[in-house]
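Have a look at the structure below, then the notes.
The values are calculated or read from the model by the stated rules, or taken from the named source; none is laboratory data. Small disclaimer: the values here were computed from a predicted structure and weren't measured. Backbone-built Cβ (ideal geometry, glycine too); neighbour counts: all protein chains shown. In case anyone asks, the SASA skips ligands and DNA or RNA and just uses the protein heavy atoms, side chains included. Shrake-Rupley method; radii C 1.70, N 1.55, O 1.52, S 1.80 Å.
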Amino acid sequence: MSLSDKIFDAAIIGGGVVGCAVVFELSRQGYTCILLERAQNIMSEASAGNSGMLHTGFDAPLHSLEQHCIKTSQKTVFDIINKFNIPYRKCGATLVAWTEEENKKLPDLRQQSLEADIHDVNLMSLTDLHKSEPYLRKEAVGALNIPGECVIDSYLLGLSYAHQARMLGSKICTSCEVSEMSQGTLITSLGPIHCKVTINCAGLYGDIVDQLAGIDTFRIYPRKGQYCVFGKNASPLLNSIIFPVPTEKSKGIALFNSVYNNVMMGPTAQDSSELSRPASDPKVHWMLTQKAQWLIPDLATFLPVGHYVGVRPATQFKDYQIRTYPHKRWITVGGIRSTGVSGSLGIAQYVCERLQSDIGLEPERGATNHLLDMAWSFGEDKTSVTLNGYHYPILHPMVLYGQDSMTSKL
């Protein structure tokens with residue numbers, strides 16, 4: 001049976017971490033799904049250039065949809081991570097104030113986390129700060145401890161979402177660009193796809209895909225995030241994620257150990273006109289190197305081993321843009337800026353709720369209450385990962401650097 005001979009419950013456009021989470025959640029709820037990714041591989045655009053952090057939502061806008069999805073994700077994502085054996089580490093984070101003006105904001109950030117029902121965020125004394133981070137620069141004037149923050153192999157998580165959906169019967173199609181939508185039929189480069197509902201998870205192309213359905217409610221403004229990467233031999237200098245006090249535009253540039261123990265500095269937040277990932281800027285790389293070595297003076301004896309750039313799909317709004325259009329049989333999942341990994345499972349569950357309540361589509365079969373066993377391994381060449389016999393290229397630089405034994409030392 002060809003793809004055009006079947007009517008799917010849901011067609012998900014976009015194979016980043018959010019699209020992969022949505023096809024995973026809908027598949028295990030009993031929906032027949034097809035995921036359509038325009039690139040040659042899933043997890044190859046914005047999701048191949050993120051930080052690999054799993055946030056608690058402590059500083060997300062209060063009562064926002066973003067915060068709701070992150071908190072929902074936190075309730076169940078660790079069961080899935082452990083079932084799939086995804087590498088992660090609950091290292092916690094330390095949000096550091098370097099000026100008195102920044103220090104005055106810390107009580108408000110703690111109060112915001114309490115109002116969000118996140119109760120383990122606490123002010124730290126300077127003695128406790130330097131006990132927990134002995135190599136940190138001594139000029140700090142205040143700090144918050146956020147113990148629930150994690151680092152994770154976000155790339156493997158997204159692949160695992162999609163692969164589990166595939167095992168549950170969903171179709172995963174790559175090199176499949178959608179060019180037109182008409183009355184439940186998507187015209188694609190692989191031929192027509194018939195579906196009862198279309199879910200737009202196209203990330204950086206979200207506004208363009210929405211326009212296929214005659215929807216025009218937001219614009220994507222690409223935001224470039226560059227990272228500086230040090231070798232694993234520098235990792236003992238750091239115990240937690242070091243955050244600055246956030247600004248209106250971003251969480252700021254963090255210093256952290258990746259899940260594979262590379263010390264990393266990033267991401268920046270630079271407005272860009274490019275949807276595809278641009279090349280690293282040598283001046284920005286130098287700035288990140290200097291900033292990392294300012295925060296941890298002992299890093300001055302280490303040289304970076306590399307760098308990479310990601311692009312995030314920011315919009316003119318501060319919150320996620322998840323909207324249902326029942327008369328069009330269409331759900332938009334847009335504006336998932338820098339917390340796509342953290343909110344992915346919560347976003348997927350929210351979409352499932354909207355699918356049932358707003359559009360009235362029930363699954364064809366019963367929900368799957370248990371996850372199917374999966375086994376993964378990195379290839380001998382360290383540039384691929386195998387999931388139950390399926391080979392996927394590793395496209396995320398964080399993972400590639402993690403498989404490399406390069407050290408950084410002057």
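Give the list, by residue number, of cysteines in the chain with no other Cys Cβ closer than 4.7 Å, or say none.
Those would be Cys20, Cys33, Cys69, Cys91, Cys150, Cys195, Cys201, Cys228, Cys352, since no other cysteine Cβ in the chain comes under 4.7 Å of theirs.
How about Lys90: which aspartates and glutamates have a C-alpha closer than 20 Å to its C-alpha, ignoring those fewer than 8 places off in the same chain?
Asp59, Asp79, Asp117, Asp120, Asp128, Glu133, Glu149, Asp153
Probe radius 1.4 Å, ligands and nucleic acids left out: which of His119, His327, His55 has the largest accessible area, and how do the rest follow? List each step's numbers first, then the result.
Numbers: His119 115, His327 150, His55 10 Å².
From most accessible down to least: His327, His119, His55.
Considering the options Val209, Ile193, Leu156, tell which one lies farthest towards the positive end of the dipole of the chain, charges being +1 on Lys and Arg and -1 on Asp and Glu at the Cβ, about the Cα centre.
Leu156
Say we join alpha carbon atoms closer than 10 Å with springs in a Gaussian network model of the chain; which of Gly310, Gly334, Gly184 then has the biggest fluctuation?
The residue that fluctuates most here is Gly184.
Applying the Karplus parametrisation 6.51 cos²θ - 1.76 cosθ + 1.60 with θ = phi - 60° to the phi angles of segment 50-58, what ³J(HN,Hα) value in whole Hz is obtained for each residue in order, glycine and proline being reported as x?
My calculation for segment 50-58 gives 8, 8, x, 10, 10, 8, 8, x, 4 Hz in order.
Which of the chymotrypsin sites (Phe, Trp or Tyr not before Pro) found in segment 129-213 are in a DSSP loop and have at most 11 neighbouring Cβ atoms, other than their own, within 10 Å? Mind showing how you got there, number by number?
Details: sites: Tyr135, Tyr155, Tyr161, Tyr205; in loops: Tyr135.
Qualifying residues, ordered by number: none.
Leaving ligands and nucleic acids out of the surface, order Leu255, Leu371 by accessible area at 1.4 Å, largest first.
The ranking, largest first, comes out as Leu371, Leu255.
Below 14 angstrom from the Cβ of Gly158, what's the summed charge of the other residues (Lys, Arg +1; Asp, Glu -1)? Write out the running numbers ahead of the final one.
Values: positive: Arg166; negative: Glu25, Glu37, Glu45, Asp153.
Around Gly158, the charge tally is -3.
Using protein chains only and a probe of 1.4 angstrom, how many square angstrom of Glu362 are accessible, to the nearest 10?
Per-residue accessible area (Glu362): approximately 110 Å².
Helix-derived [θ] at 222 nm for the chain: sum -39500 (n - 2.57) over DSSP H runs of at least 4, divide by residue count, nearest 500?
Working: 10 runs with 113 residues, N = 410.
It lands at -8500 deg cm²/dmol.
Show Glu133, Glu364 ordered by accessible area, largest first, where the area counts protein heavy atoms only and the probe is 1.4 Å.
Most to least solvent-accessible, the answer reads Glu364, Glu133.
Residues with amide H under 5 Å of Ile322's amide H, sequence separation 5 or more or different chain, H placed in the peptide plane at 1.01 Å from N; which?
Here the answer is Gly334, since their amide H atoms fall under 5 Å of that of Ile322.
Given the Cα-Cα distance of His130 and Thr99 and 0.36 nm per residue of separation, how much length would full extension add, in nm?
Values: separation 31, 0.36 × 31 = 11.16 nm, distance 1.66 nm.
Length gained, His130 through Thr99: 9.5 nm.
For the chain, what relative contact order do you get, as a whole percent, if you take Cα pairs closer than 8 Å and at least 6 residues apart?
On the way: 914 pairs, mean separation 104.6, N = 410.
It rounds to 26 percent for the chain.
Just to verify a number: what accessible area does Ser132 come out at with the full protein assembly present, 1.4 Å probe, Å² rounded to tens?
50 Å²
Using alpha-carbon positions, what is the distance between the centroids of segment 14-82 and segment 184-223, in Å?
Result: 18 Å between the Cα centres.
How high is the relative contact order of segment 224-320, in percent, with contacts defined as C-alpha pairs under 8 Å that are six or more residues apart? Walk me through the intermediate numbers first.
Values: 157 pairs, mean separation 37.7, N = 97.
Reported relative contact order: 39 percent.
Match the structure shown to one of the listed values (1) 21.8; (2) 25.9; (3) 22.8 of Kirkwood radius over Cα pairs in Å, computed from it, and give that label.
Working out Kirkwood radius over Cα pairs in Å from the coordinates points to (1).
Are there trypsin sites (Lys or Arg not before Pro) in segment 305-410 that DSSP marks as loop and that have at most 16 other Cβ atoms within 10 Å, and which are they? It would help to have the intermediate numbers written out before the result.
Details: sites: Lys318, Arg323, Lys328, Arg329, Arg337, Arg354, Arg365, Lys382, Lys409; in loops: Lys318, Arg329, Arg337, Arg365, Lys382, Lys409.
Here the trypsin sites (Lys or Arg not before Pro) that fit, given the DSSP loop and packing criteria, are Lys318, Arg365, Lys382, Lys409.
List, in the order given, every pair from Lys6/Lys83; Lys105/Lys283; Lys75/Lys251; Lys104/Lys318 whose Cα-Cα distance in the structure shown is over 28 Å.
Numbers: Lys6/Lys83 32 Å; Lys105/Lys283 31 Å; Lys75/Lys251 23 Å; Lys104/Lys318 23 Å.
Over 28 Å apart, Cα to Cα: Lys6/Lys83; Lys105/Lys283.
Please work out the FRET efficiency for the pair Thr217 and Leu275, using the Cβ-Cβ distance as r and a Förster radius of 25 Å; give the result to the nearest 0.05. Kindly include the intermediate steps, with their values, before the conclusion.
Working: r = 19 Å, r/R0 = 0.75.
The computed FRET efficiency comes out at 0.85.
Could you give the distance between the Cα centres of segment 248-317 and segment 354-400, to the whole Å?
Their Cα centres are 28 Å away from one another.
Using the crude model of +1 on Lys and Arg Cβ and -1 on Asp and Glu Cβ, and no other charge, please compute the dipole size for the chain relative to its Cα centre, in debye to 20. Intermediate values should be presented prior to the final figure.
On the way: 36 positive and 39 negative charges, 63 e Å.
Once rounded to the nearest 20, the dipole reads 300 debye.
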